[in-house]
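Novice: Handing you this structure, nothing more for now.
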Amino acid sequence: MNQLSPRTLTIIISLLLALMVSIADLFFGASLLHFSVMFLMVFVGASLLIYYFVDIYLRNRIKLAYKTIHQFKLTKNLKVSIGETSSDDPLREMEVQVEN
(Lines give C-alpha, C1' and ligand atoms only; values in the text may rest on other atoms or scores of the structure.)
Protein backbone atom coordinates (compact mmCIF):
# COMPACT_ATOMS: atom_id res chain seq x y z
CA MET A 1 0.00 0.00 0.00
CA ASN A 2 1.32 3.44 -0.87
CA GLN A 3 1.92 5.77 2.00
CA LEU A 4 -0.20 8.89 1.87
CA SER A 5 1.35 12.30 2.33
CA PRO A 6 0.09 14.35 5.28
CA ARG A 7 -1.65 16.74 2.89
CA THR A 8 -3.49 13.93 1.05
CA LEU A 9 -4.49 12.30 4.31
CA THR A 10 -5.77 15.64 5.59
CA ILE A 11 -7.89 16.23 2.48
CA ILE A 12 -9.41 12.74 2.52
CA ILE A 13 -10.33 12.85 6.21
CA SER A 14 -11.67 16.41 5.93
CA LEU A 15 -13.80 15.55 2.90
CA LEU A 16 -15.29 12.53 4.65
CA LEU A 17 -15.98 14.48 7.82
CA ALA A 18 -17.52 17.43 5.95
CA LEU A 19 -19.66 15.11 3.84
CA MET A 20 -20.96 13.22 6.90
CA VAL A 21 -21.83 16.42 8.78
CA SER A 22 -23.46 18.03 5.75
CA ILE A 23 -25.54 14.96 4.89
CA ALA A 24 -26.70 14.74 8.50
CA ASP A 25 -27.62 18.44 8.32
CA LEU A 26 -29.49 17.88 5.04
CA PHE A 27 -31.30 14.92 6.58
CA PHE A 28 -32.72 17.17 9.29
CA GLY A 29 -34.30 19.49 6.73
CA ALA A 30 -31.67 22.09 5.84
CA SER A 31 -31.69 23.74 2.43
CA LEU A 32 -29.18 23.04 -0.30
CA LEU A 33 -27.50 26.42 0.32
CA HIS A 34 -27.15 25.59 4.02
CA PHE A 35 -25.74 22.17 3.02
CA SER A 36 -23.11 23.85 0.81
CA VAL A 37 -22.11 26.40 3.44
CA MET A 38 -21.92 23.74 6.16
CA PHE A 39 -19.83 21.48 3.92
CA LEU A 40 -17.39 24.28 3.15
CA MET A 41 -17.07 25.43 6.77
CA VAL A 42 -16.53 21.92 8.14
CA PHE A 43 -14.08 21.07 5.37
CA VAL A 44 -11.93 24.16 5.93
CA GLY A 45 -12.03 23.87 9.73
CA ALA A 46 -11.26 20.16 9.76
CA SER A 47 -8.50 20.61 7.18
CA LEU A 48 -6.72 23.20 9.27
CA LEU A 49 -6.99 21.22 12.50
CA ILE A 50 -6.04 17.88 11.01
CA TYR A 51 -3.15 19.35 9.00
CA TYR A 52 -1.81 21.00 12.13
CA PHE A 53 -1.98 17.77 14.07
CA VAL A 54 -0.67 15.40 11.41
CA ASP A 55 2.01 17.52 9.84
CA ILE A 56 3.20 20.08 12.33
CA TYR A 57 2.63 18.40 15.71
CA LEU A 58 3.85 14.93 14.74
CA ARG A 59 6.77 16.30 12.72
CA ASN A 60 7.93 18.34 15.72
CA ARG A 61 7.69 15.26 17.95
CA ILE A 62 9.70 13.16 15.51
CA LYS A 63 12.29 15.93 15.10
CA LEU A 64 12.67 16.10 18.88
CA ALA A 65 13.21 12.32 19.05
CA TYR A 66 15.87 12.44 16.33
CA LYS A 67 17.58 15.38 18.01
CA THR A 68 17.70 13.44 21.28
CA ILE A 69 19.11 10.37 19.54
CA HIS A 70 21.72 12.50 17.80
CA GLN A 71 22.83 13.99 21.13
CA PHE A 72 23.32 10.53 22.64
CA LYS A 73 25.54 9.21 19.84
CA LEU A 74 28.95 8.39 21.20
CA THR A 75 32.08 9.95 19.83
CA LYS A 76 35.06 7.69 19.16
CA ASN A 77 37.08 9.09 22.11
CA LEU A 78 34.18 8.65 24.50
CA LYS A 79 33.60 5.12 23.26
CA VAL A 80 37.26 4.23 23.90
CA SER A 81 37.13 5.70 27.40
CA ILE A 82 33.95 3.77 28.24
CA GLY A 83 35.51 0.55 27.01
CA GLU A 84 33.56 -2.60 26.32
CA THR A 85 30.50 -1.59 28.30
CA SER A 86 28.80 -0.31 25.14
CA SER A 87 28.35 -2.43 22.05
CA ASP A 88 28.62 -1.46 18.40
CA ASP A 89 24.92 -2.25 17.90
CA PRO A 90 23.01 -0.66 20.78
CA LEU A 91 19.62 -1.33 19.15
CA ARG A 92 20.24 -5.07 19.04
CA GLU A 93 21.45 -4.97 22.63
CA MET A 94 18.26 -3.18 23.66
CA GLU A 95 16.11 -5.74 21.81
CA VAL A 96 17.86 -8.55 23.68
CA GLN A 97 17.30 -6.77 27.00
CA VAL A 98 13.62 -6.23 26.22
CA GLU A 99 13.12 -9.86 25.21
CA ASN A 100 14.63 -11.09 28.51
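The values are calculated or read from the model by the stated rules, or taken from the named source; none is laboratory data. Note that the structure is predicted; figures quoted are calculated from it, not measured. Backbone-built Cβ (ideal geometry, glycine too); neighbour counts: all protein chains shown. For the accessible areas, the whole protein counts, side chains as well, though only heavy atoms, and no ligand, DNA or RNA atoms are used. Shrake-Rupley method; radii C 1.70, N 1.55, O 1.52, S 1.80 Å.
Novice: Whether any residue in region 15-33 is under 18 Å from Ser5 (Cβ atoms) and surrounded by 13 or more Cβ atoms within 10 Å (Cβ to Cβ) is what I want to check.
Specialist: Yes, because at least one residue in region 15-33 is under 18 Å from Ser5 (Cβ atoms) and surrounded by 13 or more Cβ atoms within 10 Å (Cβ to Cβ).
Novice: Within the group Leu26, Leu16, Leu32, which residue is touching a His at 6+ places or on another chain (Cβ under 9 Å) and modelled with pLDDT of 75 or more?
Specialist: Selected residue: Leu26, the only one of Leu26, Leu16, Leu32 that is touching a His at 6+ places or on another chain (Cβ under 9 Å) and modelled with pLDDT of 75 or more.
Novice: Same structure again: Just for region 44-88: of the residues that are modelled with pLDDT under 70 and acidic (Asp, Glu), which one is most open to solvent (accessible area, probe 1.4 Å)?
Specialist: The qualifying residue most open to solvent (accessible area, probe 1.4 Å) is Glu84.
Novice: Which residue pairs have Cβ atoms under 9 Å apart, sit 6 or more places apart or on different chains, and have a first residue in region 12-36 that is β-branched (Val, Ile, Thr) and a second that is outside any helix (DSSP H, G or I)?
Specialist: What qualifies is Ile12/Leu4.
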